[in-house]
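Working notes, structure below.
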Amino acid sequence: MSSPYPETLPANHAPAAALLQVRTEVAKAVVGQESTVTGLLIALLAGGHVLLEGVPGVAKTLLVRALSTALSLDTKRVQFTPDLMPGDVTGSLVYDAHSSEFTFREGPVFTNILLADEINRTPPKTQASLLEAMEEHQVSVDGVSRKLPAPFMVAATQNPIEYEGTYPLPEAQLDRFLLKLTMELPGRDEEIEVIRRHSLGFDPQDLHAAGVRPVAGAADLALAREAVAQVSVAGEVLAYVVDLVRATRTAPSFQLGVSPRGATALLKTARAYAWLCGRSFVTPDDVKALALPALRHRVALRPEAEMDGVAVDGILQSILATVPVPR
């Protein structure tokens with residue numbers, strides 16, 4: 001996103017004000033990354049999932065843990081490794097010697113926010129074990145479907161593909177992520193603040209000592225989702241979303257453009273962003289603000305474009321600059 005949501009909101013915008021306070025709490029543990037926090041909140045409001053990409057050490061895991069603490073939500077972490085099995089994520093049937101029956105033991109996916117750490121370090125078979133959970137918010141084992149808690153979000157972290165020992169996520173799973181957020185290295189002043197906090201005894205494992213406290217909860221999210229659903233979208237803004245998506249399908253550097261699912265994702269996130277900004281309608285600027293995180297993982301470069309070092313975000317920026325904006 002080009003910028004985080006505003007510091008102040010209308011007085012009658014209480015649910016958004018509670019979520020706004022979440023950013024303040026997360027900042028007690030994570031320096032900077034306001035736009036990433038905004039993206040995670042948007043995904044929660046829209047009922048979607050987030051892929052966080054960045055080099056090791058930029059606080060991807062700490063950010064998710066701080067967010068779940070500030071929202072009073074249960075969170076579980078799975079370290080994805082090459083030997084991780086699907087049942088290690090979803091749960092499995094376990095034989096009970098006392099009852100002589102098989103019982104289901106829930107996996108870590110039964111939580112509000114599942115932190116799938118380094119998801120691209122596990123083979124596609126285990127990555128795919130999350131597809132049903134992400135799409136239908138349930139897990140099926142031995143023919144029985146079990147609902148996941150609400151709200152439910154997968155926050156998956158991944159290191160850039162060029163790092164050794166990684167498996168690119170299949171397109172079917174990439175498309176299940178509502179947003180792909182990139183976490184950049186901090187600026188000089190931000191990095192000084194990180195080091196200063198550590199010199200004063202900051203412990204990333206002890207968020208309570210860092211002062212992070214719950215300021216919102218599942219009830220606030222439920223109210224907020226109802227309010228987001230009431231945000232109106234004018235016909236010309238809907239057409240603008242479609243025009244942006246269709247432009248990706250004819251871009252010379254893309255061999256795969258954005259599907260209608262991507263257009264729906266862009267619309268949903270723009271509505272949530274508009275609501276967080278205190279408005280009851282979506283503007284073209286809301287669409288522009290979410291275009292990169294909502295679309296960057298839904299396109300594929302042509303091999304020759306990759307060899308030339310063309311960046312996906314650069315092409316999307318060009319599309320945003322050329323597609324006519326409704327007035």
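The values are calculated or read from the model by the stated rules, or taken from the named source; none is laboratory data. Keep in mind it's a predicted model, so treat the numbers as computed, not measured. Here the Cβ is made from the backbone with ideal geometry for all residues, glycine too, and neighbour counts use every protein chain on show. Protein only, heavy atoms only, side chains kept; ligands, DNA and RNA dropped before computing areas. Shrake-Rupley method; radii C 1.70, N 1.55, O 1.52, S 1.80 Å.
Structural remarks
- Note on region 129-252: Cα-only Rg and Dmax are 20.6, 54 Å.
- Per residue, the solvent-accessible area of region 180-327 (1.4 Å probe, heavy atoms of protein chains only, all protein chains present) comes to 53 Å².
- Label sites at Asp189 and Ala234, each approximated as a point 7 angstrom past Cα along Cα to Cβ, lie 3.7 nm apart.
- Helix-only [θ]222 nm of the chain, DSSP H runs n ≥ 4, -39500 (n - 2.57) each, per residue, nearest 500: -12500 deg cm²/dmol
- Residues considered: Val141, Val237, Val282. Largest GNM mean-square fluctuation over the chain, using C-alpha springs under 10 Å, is found at Val141.
- Extension gain from His198 to Glu106, taking 0.36 nm per residue of separation minus the Cα-Cα distance: 29.5 nm
- Remark on region 71-197: Rg and Dmax equal 17.3, 62 Å (Cα only).
- For region 56-139: accessible area per residue (Å², 1.4 Å): 43 Å²
- To the nearest 10, the accessible area of Ser140 is 50 Å² with a 1.4 Å probe.
- Linear extension gain, Asp83 paired with Ala222, 0.36 nm per residue minus alpha-carbon span: 46.3 nm
- In this structure, the amide hydrogen of Met153, modeled 1.01 Å from its nitrogen in the peptide plane, lies closer than 5 angstrom to those of Ile113, Leu114, counting only residues at least 5 positions away or on a different chain.
- Where labels lie 7 Å past Cα in the beta-carbon direction, separation of Thr166 and Ala311 in nm: 1.6 nm
- Both radii are taken from the alpha-carbon atoms of the chain; with Rh as the Kirkwood radius, Rg/Rh is 0.97.
- With both residues required to sit in region 1-141, DSSP beta bridges show an antiparallel share near 55%.
- By the compact-protein rule of thumb, 2.2 N^0.38 Å, the alpha-carbon radius of gyration of region 30-70 corresponds to a ratio of 1.11.
- Quarter of Cα convex hull surface for region 196-327, i.e. mean projection, nm²: 12.0 nm²
- The length gained on full extension between Lys76 and Thr264, counted as 0.36 nm times the residue separation minus their Cα-Cα distance, comes to 64.8 nm.
- In nm, spacing of pseudo-spin labels at Ser145 and Ala97 (7 Å Cα→C-beta vector): 3.7 nm
- Share, in percent, of DSSP beta bridges within the chain that are antiparallel, nearest 5: 40 percent
- Rg then Dmax, both in Å and based on the Cα atoms of region 239-294: 11.8, 38.
- Expected-Rg normalisation [2.2 N^0.38 Å, Cα atoms] applied to region 7-162: 1.16
- Taking the accessible area of region 15-111, probe 1.4 Å, and keeping the other protein chains in place, the carbon and sulfur fraction comes to 52%.
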